[in-house]
Amino acid sequence: MAGRYDKNPFDEEEEVNPFSNPGRTVPAANSRLSPLPPEPVDFYDRGATVDIPLDTEGPKSQDLKKKEKELQAKEAELRRREQEVKRKEDAAARAGIVLEEKNWPPFFPIIHHDIANEIPIHLQRVQYVAFSTFLGLTLCLFWNIIAVTTAWIKGEAVRIWFLAIIYFIAGVPGGYVLWYRPLYRAFRTESALRFSWFFLFYLLHIGFCIFAAVAPPIVFRGKSLTGILPAIDLLGDHALVGIFYFVGFGLFCVESVLSMWVMQQVYMYFRGSGKAAEVKREAARGAMRAAI
């Protein structure tokens, strides 16, 4: 009956080691690999510490600490100054004071001028033309110096040259302070008082330009201004000087026309915005306070 049964599949068969000598037969019992010896308990000492020497008290470390303290002190001082400046700016803004940074002309800033960002868009055209009249006045007075200098060289009295210099020195800064800056601030802040100031001195500006374009023989025979009358008088004796005076006459004429256009546009806006009534009310209140 034993022959009826097949071979037990769970019996261990003879294992052949492929790395062993092929000519030698290895018994199945000796073909197994022996287990590795157990590792000692303290083979991996996870609690061990590694001592790395650090020279924390050396001179280099002390210098670094000193520099770090100095930088921290400077940073604290800068933060304190920034907070102080911010506090002053906030206080000025609450009081209605606008800090004006000088930004014009770009190569040598001497005034604050930013029409595109500070003037309402519907008033920018008038402001630009008004600024053109200010630059035009500068050009007229500068050319007046050149023309009068040629007349002085050709034999005219030196006093007319000194007068031309005085016109330029007084006219350019005076025009900016007396009528251009008030108009700029009036458009920016809608101040009725600044409009009144502008009208007063801009009328004087227009009157001076018209007077200069004619240049009647009132002040030193009128030769200190490049008007039509001295131009005609000098053209016969000195043609070059007469031409210079005629150019100055043309410049003063253009300046007068542009200035009258600016005056008209500003006055129309002044009347349409209700500022005229506000000025009347302020005048009435001032008169009442003066009477009381």
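Counting only protein heavy atoms and a 1.4 Å probe, the range 118-254 has 47 square angstrom of accessible area per residue. Heavy atoms of the protein only, probe of 1.4 Å, neighbouring chains included. What is the accessible area of residue 254 in Å², nearest 10? The value for residue 254 is about 90 Å². Along the axis of the charge dipole computed for the range 146-270 (Cβ charges of +1 for Lys and Arg, -1 for Asp and Glu, origin at the Cα centre), the listed residues 229, 212, 155 are led at the positive end by 212. Rolling a 1.4 Å probe over the protein chains gives residue 161 an accessible area of about 70 Å². Annotation: amide H of residue 104 within the under-5 Å range of 110, 111, 113, sequence separation 5 or more or interchain, hydrogens built in the peptide plane. Checking every one of the GluC sites (Glu not before Pro) in the range 154-257 against DSSP loop status and a limit of 16 other Cβ atoms within 10 Å picks out 190.
For residue 152, the accessible area of its heavy atoms, probed at 1.4 Å with every protein chain present, is near 100 square angstrom.
Residue-wise HN-Hα couplings along the range 115-123, as the Karplus relation 6.51 cos²θ - 1.76 cosθ + 1.60 with θ = phi - 60° gives them from phi, are 5, 4, 9, 10, 9, x, 4, 6, 10 Hz; Gly and Pro carry x.
The values are calculated or read from the model by the stated rules, or taken from the named source; none is laboratory data. Computed from a predicted model, the values in this text were never measured in an experiment. A quick note on method: Cβ atoms are made from the backbone with ideal geometry, for glycine too, and the neighbour counts reach across all protein chains shown. These accessible areas exclude ligands, DNA and RNA; they are computed on the full protein's heavy atoms, side chains included. Shrake-Rupley method; radii C 1.70, N 1.55, O 1.52, S 1.80 Å.
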